[in-house]
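Q: First the structure, then my questions, so here it is.
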Amino acid sequence: QVQLVESGGGSVQAGDSLRLSCAASERAFSNYAMGWFRQAPGKEREFVATISSSSGSLSYGDSVRGRFTISRDNAKNTVYLQMNSLKPEDTAVYYCAASSFFSRAPNNYAYWGRGTQVTVSS
């Protein structure tokens, strides 16, 4: 069982930056691909970014590509999401998740955190 805890959310102005962190309990963290997803009220969960276990492969959702950067530190069992040039439409609950393989599909992720709220005002 992998436990994931997100942190770093908050309320910011449009154009600001935030860095989200997700700490994993599992010693085998380095074996998992990690992803970030988000869900706004009344909307489906949306893929944001994913990173392979070795950081060799990255993928981003179209709406965040060029503004967000995913990274990981396997020594610290932590994955990050650097979010720059934030827009009001980025407002959502952000979740990190762990998967046994590299994927953009939320159904392929077995473990999920509880989420952290990001609110961007104009």
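The values are calculated or read from the model by the stated rules, or taken from the named source; none is laboratory data. What you see is a predicted model, and the numbers here were worked out from it, not measured in a lab. Heads up, the Cβs are rebuilt from the backbone with ideal geometry, glycines too, and the neighbour counts pull from every protein chain shown. Note: areas computed on protein heavy atoms with side chains; ligands, DNA, RNA excluded. Shrake-Rupley method; radii C 1.70, N 1.55, O 1.52, S 1.80 Å.
Q: Taking the stretch 82-102 only, how many residues are surrounded by fewer than 17 Cβ atoms within 10 Å (Cβ to Cβ) and more than 19 Å from GLU26 (Cα to Cα)?
A: 6
Q: Looking at VAL79 and the list (1) of a type in the set (A, V, I, L, M, F, W, C); (2) out of contact with any helix residue (DSSP H, G or I) (no Cβ under 8 Å at 6 or more places or on another chain); (3) crowded, with 18+ Cβ neighbours inside 10 Å; (4) not in a strand (DSSP E or B), which single condition is not satisfied?
A: Answer for VAL79: the failing condition is (4).
Q: Quick one: would you say ARG38 is at pLDDT 95 or above, in contact with an Asp or Glu (Cβ under 6 Å, 6 or more places away or on another chain), open to solvent by 10 Å² or more (accessible area, probe 1.4 Å) and not aliphatic (A, V, I, L, M)?
A: yes
Q: What number of residues in the stretch 1-22 are open to solvent by 50 Å² or more (accessible area, probe 1.4 Å) and not in a loop (DSSP other than H, G, I, E, B)?
A: Of the residues in that region, 5 qualify.
Q: Any residue in the stretch 85-113 that is within 19 Å of LEU20 (Cα to Cα) and at pLDDT 95 or above sitting within a Cβ distance under 6 Å of a residue that is of a type in the set (Lys, Arg) and surrounded by 17 or more Cβ atoms within 10 Å (Cβ to Cβ)? List the pairs, counting only those 6 or more apart or interchain.
A: ALA92/ARG38; TYR94/ARG38
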